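One structure below.
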Amino acid sequence: MTGLALIVAAARPAAAGDPATILAGNHPDEAAEIVGAAAASPSRPLAMHLTMALRNGAELTRLLADQQNPASSQYRRWLTPDEFTSRFGPTDGDLARVARWLRESGFTVTSADASTREVSFTATVAQAQNAFAVKIAATADGRLYSSTADPAVPADLAPLIESINGLDNLLHSKPAVHRVPKRDSSAHSPDAIVGSIGPFFGPADIYTFYDETPLLNDGIDGSGTGCIAVVEDSNIDEDAANAFNSQFSLPALSAANFSTELVDGTDPGQNADEVETMVDVNYSHAVAPGSSIRIYLGDENTTKSSSAILDAIHAAVREKNSPCSAISISFSFCGVSAGSYRTQNNFFKQAASQGQSVFVAAGDKGAAGLRFSAKQNECVPGTTREVSELAASPYVTAIGGTEFTPVYDIDGSDVGFVSESVWNDDGYAAGGGESKVFKKPAFQKGLIPKDKKRDVPDISFGASPRSPGFFFGSRNGSDEPAVECCEGGTSIGAPAWAGISQLISQQAGAWVGNLNTRIYQLGVENDGATTGIRDVTSGNNSFNGVTGFSAGPGYDKASGWGTVDMGLFVLAYPSP
C-alpha cells in the first residue's frame, strides 16, 4: 500500500455522535498528484466556503423548460436574482442551522448569505480534518495540499449542503487564447491586412465569411438588448482596444458602452491573461458593435473564494443592477472536484432562469482536455479523454473551434464562405467529448444513443491562430497602441457567440436565455438553406496521443452542429 493509500484509509474513521453522510465528489481526482503524501501541517490556516443546495429542484427544472417553450405561459418570463433566491435559494432557517453546526464544530463563521448561497468560515487543518473526517495531504514543500477523500457532514444537514470548497488549493484556471508569431505580407489593405501584416481576419472578414453584413445593414447590431459580460482576471489596455476599434471602424470604447466591475474589490491590473481580456472585448464588440460591454474582473490576490474567475462568474450571474443579457467565459479549469462543477452548474441554472445566455469556450487541448500537474503546478494536457466540465453544464452553450483557408480578393479582404474543418493545428485543437459529471440533457437525447452523458461542444466558430488567424489590439515594438496578429482559440468563439445572442435578442425584442434548446431544434431541422447552421464534416480533435472524435454529418463531438450563417440563423432563431 502506498503512502497516499495509507492516508486515505486513515481518513475514514467512524463518525462519533450523529450519523454522517459523505458528500460525494467533493475532492479533486488530482489529489493523487500530490506525491509523497505528507500530512499537511495541523496548524495551517484554511479559508473555506460551503455552498448551500438549491431548494425546489423539480420546480426549477419545470420552470427552465417552460421558459424556453413558446406554448407555455412562462415563455421568456425571466426571474430577477432576488426572485430566484426567494424561490430556490436556502431559507434563513436552513442557513442558520448549517452556520450553527460549523460554529459548534470549532469553525469561525465569517459570513452567511442566502443571496450567494454561501457560508464562509475558517479553521486550521486539524480542525477541518476532525470535523469532516478527512486527512489533508500536502507536497513535501507544503506548497500544495488537498483532502484525499470526500468530507462527511451530519446526515440531517447533508441535503442542505451542495459542496465544500477550500479543503485543497489545486484549482487552477487557464485561458483559451493562443498566439502565433506574426507573418509579413507585401499586400496592403485597411481590413484584412494591417501594417503589412496579413492577410488575416478582422471584423469585416467575419461579417463576410459568417454572413453578418445583411444584419448590420438592417441595423441589427446588438443595440438595446442589455450588455455582454466578459469574465476575466486581468484588466485591459483600453488604448490598445481602441486602436483595434479605430482600425476596423468600430465604435470606440467609452463610459457610454464600456465598464469594469471589480468583483473582489481590487484591480489586478494587466497581467499574463491580459491578451485573453483583449480578445474577449475585441470579438464581442466586433460581432455586436451596438451592445455595451462590462468586464467582470476578479483578482487572484484578493479572491473571495478559490478563484478570481469563479468570483467573476458568480458576480455576473448575481448582478442586481442592470445585469447583462449575455455572459462570455473563455477559461477552463483543472484540479476541480465534481461537486464544485455541480455548484457552478446551479449558478448557470440561475443565469438561464434570469434570461442570461452563457457561452463557454470548449477548450484548446482537443479530446485530451486539461488535468492538474502537481509537479508543474498548472493545468497540462490530459492523457485520457477529458472535456471542460465548465463548458459541459447543460445550461451554457459550449463553443468549439474550426480552421479554414479563406479566399481573399486582391485587396486582402475575405470574399465569402469556404468549408471549415475541426481546428487542430499549431499544437492546439478544439475541445470536445463526453462529460464525466453531467447526464445527457433533454435537448441531446437521441443524437448519440450509446452515450448517456452531456456532450460538447454545442456549436463552433473560427479558432485557428493560423488559418485564418485573428487580429487583436496590442502594443507595437515602440509601445504604441496598435493592431497585431495573430490570436486564436475557442476564446474567439465564446465572445463572438455572446455577440450573436445580442443580435438575436434585438431581433426578437427580448432576452432569449440559454440557446441550446433552439440550436438543437434548428440542428435537427437543418436543410442547409434556412436554419443558418453550417455543418462541419471534416477533421478531428485528437491531441496529445489521445484519440479524439471526427466530424461528420449532423451533430458530432468534434464541432457540435458546425458553425453559423448569422444572416439566416438570427432570423430563424426567434421562435419555432
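Once you wrap a convex hull around the alpha carbon atoms of the range 433-503, what is its projected area averaged over all directions, in nm²? Each step should come with its number before you reach the end.
On the way: hull surface 30.1 nm².
Result: 7.5 nm².
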So, with a 1.4 angstrom probe, what is the percent of accessible area on the range 372-498 that is carbon and sulfur? 49 percent
Using only Cα atoms and rounding to the nearest 10 degrees, what angle (0 to 90) does helix 92-104 make with the longest principal axis of the chain? 50 degrees
Largest first and in whole Å, what are the equivalent-ellipsoid semi-axes of the range 245-346 based on the Cα gyration tensor, each being the root of 5 times an eigenvalue? 25, 15, 14
Run the reach check for Lys453 against aspartates and glutamates, Cα to Cα strictly under 18 Å, same-chain hits fewer than 8 apart removed. What comes back? Glu386, Glu389, Glu434, Asp556
Where the accessible area of the range 303-356 is counted over protein heavy atoms with a 1.4 Å probe, how much of it, in %, is carbon and sulfur? 43 percent
Separation between the Arg97 and Lys450 pseudo-spin-labels, each 7 Å from Cα along Cα→Cβ, expressed in nm? 4.5 nm
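With a 1.4 Å probe and all protein chains in place, put Trp511, Trp561 in order of accessible area, largest first. Before the final figure, lay out each step's value.
Numbers: Trp511 60, Trp561 15 Å².
Largest accessible area first, the residues go Trp511, Trp561.
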Note on the range 435-565: alpha-carbon gyration tensor, axes a ≥ b ≥ c; rule is a/c under 1.5 for rounded, else prolate if a/b larger than b/c, else oblate; result oblate
If you roll a 1.4 Å probe over the heavy atoms of the protein chains, what accessible area per residue do you get for the range 393-538, in Å²? 33 Å²
Ignoring ligands and nucleic acids, Arg87 exposes an accessible area, probe 1.4 Å, in Å² to the nearest 10, of 80 Å²
Can you tell me the orientation of helix 238-247 relative to the chain, as the angle in degrees between its alpha-carbon axis and the longest Cα principal axis, to the nearest 10? 30 degrees
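Give Lys135/Lys440; Lys304/Lys452; Lys304/Lys365; Lys135/Lys320; Lys365/Lys452; Lys320/Lys450 a once-over and call out the pairs whose C-alpha atoms are over 32 Å from each other.
Numbers: Lys135/Lys440 34 Å; Lys304/Lys452 36 Å; Lys304/Lys365 29 Å; Lys135/Lys320 40 Å; Lys365/Lys452 23 Å; Lys320/Lys450 42 Å.
Correct reply: Lys135/Lys440; Lys304/Lys452; Lys135/Lys320; Lys320/Lys450.
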Could you give the spread of the C-alpha atoms of the range 393-483 along their three principal axes, from largest to smallest, in whole angstroms? 53, 31, 23
For the range 59-76, in order, what is each residue's ³J(HN,Hα) by Karplus, 6.51 cos²θ - 1.76 cosθ + 1.60 with θ = phi - 60°, in whole Hz (x at glycine and Pro)? 5, 5, 4, 5, 4, 4, 5, 5, 5, 9, 10, x, 7, 8, 5, 8, 4, 6
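Tell me the carbon and sulfur percent of the accessible area for the range 12-111, rounded to whole percent, probe radius 1.4 Å.
Values: 2740 of 5280 Å².
It is 52 percent, rounded to a whole number.
Label the range 46-186 by shape, choosing from rounded, prolate and oblate, from the square roots a ≥ b ≥ c of the eigenvalues of the Cα gyration tensor; if a/c is under 1.5 it is rounded, and otherwise prolate applies when a/b is larger than b/c, oblate when it is not. Show your work: numbers first, answer last.
On the way: a/c = 2.65, a/b = 1.06, b/c = 2.51.
In terms of gyration-tensor shape, oblate.
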For helix 308-318, what angle does its Cα long axis make with the longest principal axis of the chain, in degrees from 0 to 90 and rounded to 10? 80 degrees
At 222 nm, what helix-only mean residue ellipticity would the chain give, in deg cm²/dmol to the nearest 500, using -39500 (n - 2.57) for each DSSP H run of four or more? -7500 deg cm²/dmol
Let me test this: with uniform point scatterers at the alpha carbons of the range 328-486, what is the Debye-based log₁₀ I(q)/I(0) at q = 0.12, 0.18 1/Å? -0.63, -1.14
Per residue, how large is the accessible surface of the range 207-342? Use a 1.4 angstrom probe and give square angstrom. 31 Å²
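Could you compute the net charge surrounding Asp92? Neighbours are other residues with a C-beta less than 13 Å from the C-beta of Asp92; K and R count +1, D and E count -1. Write out the running numbers ahead of the final one.
Numbers: positive: Arg55, Arg97, Arg100, Arg117; negative: Asp94, Asp113.
Overall, the nearby charge balance is +2.
Once you list every other residue whose beta carbon is under 13 Å from the beta carbon of Asp66, what net charge do they have if Lys and Arg are +1 and Asp and Glu are -1? Can you show the working numbers first?
Values: positive: Arg62, Arg76, Arg77; negative: Glu59.
Around Asp66, the surrounding residues sum to +2.
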Taking Cα centroids, how far is the range 228-246 from the range 489-543 in Å? 24 Å
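The values are calculated or read from the model by the stated rules, or taken from the named source; none is laboratory data. Just so you know, these numbers come straight off a predicted model, no measurement behind them. As a convention, Cβ positions derive from the backbone with ideal geometry for all residues, glycine included, and neighbour counts pool all protein chains shown. Heads up: the accessible areas ignore ligands, DNA and RNA and are worked out on the full protein's heavy atoms, side chains in. Shrake-Rupley method; radii C 1.70, N 1.55, O 1.52, S 1.80 Å.
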